[in-house]
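Input: a single structure, listed below in structure tokens.
The values are calculated or read from the model by the stated rules, or taken from the named source; none is laboratory data. Treat the numbers as computed from the prediction; the structure is a model and nothing was measured. All Cβ positions, glycine included, derive from the backbone under ideal geometry; neighbour counts span all protein chains shown. Only protein heavy atoms, including side chains, enter the accessible area calculation; ligands, DNA and RNA are left aside. Shrake-Rupley method; radii C 1.70, N 1.55, O 1.52, S 1.80 Å.
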Amino acid sequence: MYNHTMTEFILFGLTQDPEQQKVIFGVFLILYLMTLMGNFLIVVTIKMSQTLGSPMYFFLFYLSFADACFSTTTAPRLIVDALLQKKIISYNECMTQVFSVHFFGCMEIFVLILMAFDRYVAICKPLRYTTIMSQHICGVLVILAWVGSCIHSSAQIFLALKLPFCGPNVIDHYFCDLQPLLKLACMDTYVINLLVVSNSGAICTVSFIVLLISYIVILYSLRNHSAEGRRKALSTCTSHIIVVILFFGPCIFIYTRPPTTFPIDKMVSLFYTIGTPVLNPLIYTLRNAEVKNAMKKLWGNKV
């Protein structure tokens with residue numbers, strides 16, 4: 001049995017001002033519904049469409065699925081809490097949230113890496129593309145991403161369960177995460193924070209560097225392609241790069257530093273827990289003619 005005496009926490013949320021809370025309720029409800037709708041549209045379109053059978057869309061399917069789940073781990077709670085004066089979260093619920101946020105967040109990171117790998121093979125090794133990115137290999141890669149995410153989030157929850165709580169129980173955040181929980185633990189959290197940084201921080205930073213290098217290599221090798229091929233590849237890669245920067249910037253800011261929390265943390269967290277999942281479907285569909293045409297075909301006939 002772990003030595004926590006806390007049965008519940010109180011989430012401070014984004015603000016205590018009742019007027020601002022009404023605005024938060026409205027704005028984030030709309031954003032969350034847009035996230036679900038946009039990602040659901042992509043998931044269904046890719047599943048039903050005959051034209052979107054390539055590995056890129058196989059991975060986009062999982063990115064959209066992870067996005068919808070990732071947003072669901074924090075947004076509903078934030079929306080409902082905006083209507084409540086006292087935002088109580090039980091210890092078990094809090095731990096579940098730590099696990100699920102890290103599970104789907106990590107899944108998103110791994111899928112973004114798979115998408116970059118797919119573009120790298122398509123652009124730099126076009127003749128071997130169909131052998132390297134076979135259906136079997138893509139399936140195995142996605143399973144590895146699920147397993148990797150599970151290992152990462154299990155490590156996080158293992159650290160969280162070890163924390164003893166005996167004093168104040170107000171979490172200065174709108175969801176449970178290790179950083180704000182470390183502030184409440186009645187023990188020296190220096191070592192645990194090092195582990196958080198070496199786990200989450202390393203995953204964010206290393207993945208970001210890997211992704212940047214892969215896109216630099218891709219862009220560099222484009223100079224040998226025809227103008228039309230270059231334009232198409234650039235369009236796809238640009239949308240990928242935008243998503244990568246929007247997601248990893250905030251992640252690195254939150255998870256790669258000593259155990260201090262800044263007031264701006266909540267705004268930064270909003271960006272990648274709620275901002276990115278709502279933007280991803282827009283970025284991938286508006287910049288991608290194939291997805292747009294498949295949607296028109298599929299949903300045009302239905303409507």
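In this simple spin-label model, placing a label point 7 Å from the Cα along the Cα-to-Cβ direction at both residue 217 and residue 162 gives a separation of 3.5 nm. The Cα center of the stretch 73-105 and the Cα center of the stretch 187-250 differ in position by 28 Å.
How much FRET efficiency would the formula 1/(1 + (r/R0)^6) give for residue 202 and residue 296, where r is the Cβ-Cβ distance and R0 is 41 Å, rounded to 0.05?
Numbers: r = 42 Å, r/R0 = 1.03.
Efficiency computed from Cβ-Cβ geometry: 0.45.
Relative to the dominant Cα principal axis of the chain, helix 18-48 is inclined by about 30°.
Near residue 76, within a Cβ-to-Cβ distance under 14 Å, what is the net charge of the other residues, with Lys and Arg +1 and Asp and Glu -1? Before the final figure, lay out the partial values.
On the way: positive: 77, 87; negative: 81, 93.
Neighbour charge sum, excluding residue 76 itself: 0.
Here the chain has 72 percent of its accessible surface on carbon and sulfur atoms, given a 1.4 Å probe and all protein chains in place. Relative to the longest principal axis of the Cα atoms of the chain, helix 135-162 runs at roughly 10 degrees. Net length available on complete extension from residue 136 to residue 194 is 17.1 nm, with 0.36 nm assigned per residue and the Cα-Cα distance removed.
Can you tell me the relative contact order of the chain? Whole percent, Cα pairs under 8 Å, sequence separation 6 or more.
It rounds to 27 percent for the chain.
The long axis of helix 91-124 is offset from the longest Cα principal axis of the chain by roughly 20 degrees. For the stretch 162-303, the number of Lys pairs with C-alpha atoms closer than 24 Å, counting only pairs eight or more positions apart or on separate chains, is 6.
Taking max minus min of the alpha-carbon positions on each principal axis, the stretch 157-233 gives extents of 65, 25, 15 Å, largest first.
Before anything else, pin down the relative contact order of the stretch 10-155: Cα pairs under 8 Å, at least 6 apart, normalised by residue count, whole percent. Averaging sequence separation for qualifying contacts and normalising by length gives 30 percent for the stretch 10-155.
Amide H contacts of residue 171 (H built 1.01 Å from N, in plane; Pro and chain starts excluded): 10, 11, 12 sit under 5 Å, all sequence-distant by 5 or more or on other chains. Pop the C-beta distance of residue 151 and residue 210 into the FRET formula with R0 = 22 Å and round what comes out to the nearest 0.05. So the FRET efficiency works out to roughly 0.80.
A Förster distance of 41 Å, applied to the separation of the beta-carbon atoms of residue 143 and residue 172, puts the FRET efficiency at 0.65.
Restricting to DSSP loop positions (anything but H, G, I, E, B) with no more than 10 other Cβ atoms inside 10 Å of their own Cβ, which trypsin sites (Lys or Arg not before Pro) remain in the stretch 2-92?
Sparse-neighbourhood loop trypsin sites (Lys or Arg not before Pro): 86.
Subtracting the Cα-Cα distance of residue 228 and residue 85 from their residue separation scaled by 0.36 nm leaves 45.8 nm.
Between residue 238 and residue 268, what length in nm is gained on full extension when 0.36 nm per residue of separation is reduced by their alpha carbon distance?
Contour length minus Cα-Cα distance gives 8.5 nm.
A simple spin-label model places the labels of residue 92 and residue 29 2.9 nm from each other, with each point 7 Å out along Cα-to-Cβ. At the listed q of 0.11 Å⁻¹, the Debye profile of the stretch 144-282, built from one uniform point per Cα, gives log10 I(q)/I(0) equal to -0.52.
Sorted by mean Cβ packing within 10 Å, highest first, what order do the peptides 274-282, 126-134 take? List each step's numbers first, then the result.
On the way: 274-282: 22.2, 126-134: 13.0.
Ranking the peptides 274-282, 126-134 by packing returns 274-282, 126-134.
Excluding ligands, DNA and RNA, what is the solvent-accessible area per residue of the stretch 1-114 at a probe of 1.4 Å, expressed in Å²?
Numbers: 5200 Å² over 114 residues.
Counting only protein heavy atoms, the per-residue value for the stretch 1-114 is 46 Å².
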